[in-house]
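These notes concern the structure reproduced below.
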Amino acid sequence: MTYAETVAGQISDLAAGKYSSEELTRHYLQRIEALKTLNCYITVTSESALAAARRADSARAAGHSLPLLGVPIAHKDIFCTRNELTTAGSRMLYNFAPPYDAMVVDKLEKAGAVMLGKTNMDEFAMGSSNENSFYGPVRNPWDVTRVPGGSSGGSAAAVAAGLCAAATGTDTGGSIRQPAALCGITGLKPTYGRVSRWGMIAFASSLDQAGPMTQTAMDAALMLGIMAGVDPRDSTSIDSPVPDYVSSLETPVSGMTIGICEDFMAEGLDTASEVRIADAIRVFESLGATIKPIRLPHVRYSVPAYYVIAPAEASANLSRYDGVRFGYRCKDPASLEDLYKRSRSEGIGPEVQRRIMVGAFTLSAGFYDAYYRKAQQVRRLISNDFKSAFDQVDFLVGPTSPQPAFRLGEKSDDQVSMYLQDIYTIGASLAGLPALSMPVGLAAGLPVGLQLIGRHLDEARLLGAAHQFQSRTHWHEARPELEIS
Ligand code: GLN
């Protein structure tokens, strides 16, 4: 039996009765087992997945229909899943099984999706290579000696390796887009607030946003339509109707003006990637778009601003892990202070500890104005740059990451070089803008991603542009060759 690889393909095959959800779910479970060395999943929920698949098959037989009925998907292990282990890639939460589902998990389940398991990630979503996971690094299916990107590396590698057709991810400074680029898939970070953060383990609350990771823009549109929407339990979720993303995929790109971020196509970008990006821009031109160079003068400060703001918010959010209420607790504490200190020192990994310390420092009296307030002012300037860009263009294009996947261990000892992996993605995060990455070619056998950044709530046009690109090119269909054990 050959199974469709995309969500859209599986929806129509399941409806046509070509195979059952149970067969499709078994296929994925076998493949996950056979490709275990990629380490994409922290938890595989085989039993409950098969039970959910059988329920989906009976519901279909009884004449019910739901948008994703019987389609197997995976969730990043940052989304709370009722009675299922939810670790956020940390030892701190090694035994945490939440009593409730995140809004995103709930919505996808109500749409009929079958959860295969929880995907690996950098601890508390801090990282760009998945090497910060307590559960070990994920391997890039295109070259297992390389990283898949991070922090949603498990989700990206799982989609690329055919271990699920779609997965959820979260993006605070690039964690959906950068791993999507390094694994050759499509990943969308929606507008801040488009998707509820309720039940998503918090890293930096003013930046965190959930989104779909899929092979195609069509699948991302299908997933986002279900994930998006206002939620009374998330006061920052946006109360604006969710458009039908699928039906607007064909809105022509012709007549639109696309800005090329000149600041991104400069020093620091790998030359082979630059060529692929230039080729992709020509495809948009052939679709009838007008190309215009755009300057974003303050985006070069986005990495420093982010590495003040994100750790500050993280230090506050992560103070709840005290060894008392959640997860890991040290052995034989001598006093309450010893319990806090050792539980946090033993339960939390080095990168996360570093950020907690930086955040506590920049928020402390005497330094707040010099660092935190200043970073917020820079954030405003960056937002204004995007605002004036969008007075001139419909959306912006540029690279997603400075180079294709790097080797495991290559940057582990060099924080600055690791932080610079997000140099092209953080701007849209600070400004709360929707942005997606899609594959536009290979460089030395490794995928290259193109980033599209849109106006607030303009996901439909971003997805439309990506879909039309994918209708005329085949890069999204390129698959890594994998040895199945
Ligand atoms: N790589 C960035 C960081 O380490 C972004 C992570 C993310 O988007 N969650 O913070």
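The values are calculated or read from the model by the stated rules, or taken from the named source; none is laboratory data. Computed from a prediction, not measured in an experiment: that's the story for all the values here. Glycine also receives a Cβ, built like all others from the backbone with ideal geometry; neighbour counts cover every protein chain displayed.
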Which residue pairs have Cβ atoms under 8 Å apart, sit 6 or more places apart or on different chains, and have a first residue in the stretch 373-400 that is of a type in the set (Ser, Thr, Tyr) and a second that is assigned to a helix (DSSP H, G or I)?
-> 383/430; 383/431; 400/177; 400/178; 400/180; 400/181
Six or more apart or on different chains, Cβ under 8 Å: which pairs go from a residue in the stretch 184-197 that's at positive phi to one that's among the aliphatic types (A, V, I, L, M) and not in a strand (DSSP E or B)? Could you list them?
-> 184/160; 184/478; 193/238
Is it true that some residue in the stretch 227-245 is within 16 Å of the chain's Cα centre (by Cα) and among the aliphatic types (A, V, I, L, M)?
-> yes
Report yes if some residue within the stretch 103-114 is part of a loop (DSSP other than H, G, I, E, B) and within 16 Å of the ligand (Cβ to nearest atom); otherwise report no.
-> no
Within the stretch 330-359, which residues are farther than 15 Å from residue 317 by Cβ, among the aliphatic types (A, V, I, L, M) and in contact (Cβ under 8 Å) with a residue 12 or more places away in the chain?
-> 339
Matching residues, the stretch 150-179, being out of contact with any Asp or Glu (no Cβ under 7 Å at 6 or more places or on another chain), within 16 Å of residue 114 (Cα to Cα) and outside any helix (DSSP H, G or I) = 163, 164, 167, 168
Tell me, please, whether a residue that is within 15 Å of the ligand (Cβ to nearest atom), basic (Lys, Arg), outside any helix (DSSP H, G or I) and within 24 Å of residue 327 (Cβ to Cβ) can be found in the stretch 180-191.
-> no
For the stretch 458-472 the number of residues that are surrounded by fewer than 24 Cβ atoms within 10 Å (Cβ to Cβ) and within 12 Å of residue 224 (Cβ to Cβ) is 1
If you scan the stretch 65-85, which residues turn out to be touching a residue at least 40 places away in the same chain (Cβ under 8 Å), touching a strand residue (DSSP E or B) at 6+ places or on another chain (Cβ under 7 Å) and of a type outside the set (Phe, Trp, Tyr)?
-> 70, 71, 72, 73, 74, 75, 76, 77, 78, 84, 85
Subset of the stretch 430-485 (residues that are within 26 Å of residue 407 (Cα to Cα) and of a type in the set (Phe, Trp, Tyr)) = 475
Selection from the stretch 77-86 of residues that are part of a loop (DSSP other than H, G, I, E, B) and either within 12 Å of residue 199 (Cα to Cα) or modelled with pLDDT under 95 (or both) = 77, 78, 80, 82, 86
Taking the stretch 298-314 only, how many residues are assigned to a helix (DSSP H, G or I) and either more than 9 Å from the ligand (Cβ to nearest atom) or out of contact with any helix residue (DSSP H, G or I) (no Cβ under 8 Å at 6 or more places or on another chain) (or both)?
-> 11
The stretch 296-329, residues that are within 30 Å of residue 393 (Cβ to Cβ) and without any contact (Cβ under 8 Å) to a residue 60 or more places away in the chain = 300
Within the stretch 394-408, residues closer than 20 Å to residue 279 by Cα, surrounded by fewer than 21 Cβ atoms within 10 Å (Cβ to Cβ) and in contact with a strand residue (DSSP E or B) (Cβ under 7 Å, 6 or more places away or on another chain) come out as 394
Please find, among 74, 59, 49, 53, the residue that is within 30 Å of residue 132 (Cβ to Cβ), part of a helix (DSSP H, G or I) and at pLDDT 95 or above.
-> 49
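Can we say residue 292 is over 27 Å from residue 125 (Cα atoms), charged (D, E, K, R) and at pLDDT 95 or above? Spell out how you get there, then give the answer.
Numbers: over 27 Å from residue 125 (Cα atoms): yes; charged (D, E, K, R): yes; at pLDDT 95 or above: yes.
Answer is yes for this residue.
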State yes or no: is residue 288 in contact (Cβ under 8 Å) with a residue 24 or more places away in the chain, assigned to a strand (DSSP E or B), more than 16 Å from the ligand (Cβ to nearest atom) and under 18 Å from residue 468 (Cβ atoms)?
-> no
Checking 341, 331 in turn, the sole residue that is assigned to a loop (DSSP other than H, G, I, E, B) and either among the hydrophobic types (A, V, I, L, M, F, W, C) or at pLDDT 95 or above (or both) turns out to be 331
Out of the residues in the stretch 360-371 that are in contact (Cβ under 8 Å) with a residue 24 or more places away in the chain and more than 16 Å from the ligand (Cβ to nearest atom), state the one that is surrounded by the most Cβ atoms within 10 Å (Cβ to Cβ).
-> 371
Return the residue satisfying two criteria in turn: it lies in the stretch 195-221 and is within 20 Å of residue 456 (Cβ to Cβ) and away from the ligand (no atom under 16 Å from the Cβ), and of such residues it is nearest to the chain's Cα centre (by Cα).
-> 220
Would you be able to tell me the number of residues in the stretch 5-23 that are under 24 Å from the mean Cα position of the chain (by Cα) and either buried (at least 17 other Cβ atoms within 10 Å of the Cβ) or free of Cβ contacts under 8 Å to residues at least 12 places away in the same chain (or both)?
-> 6
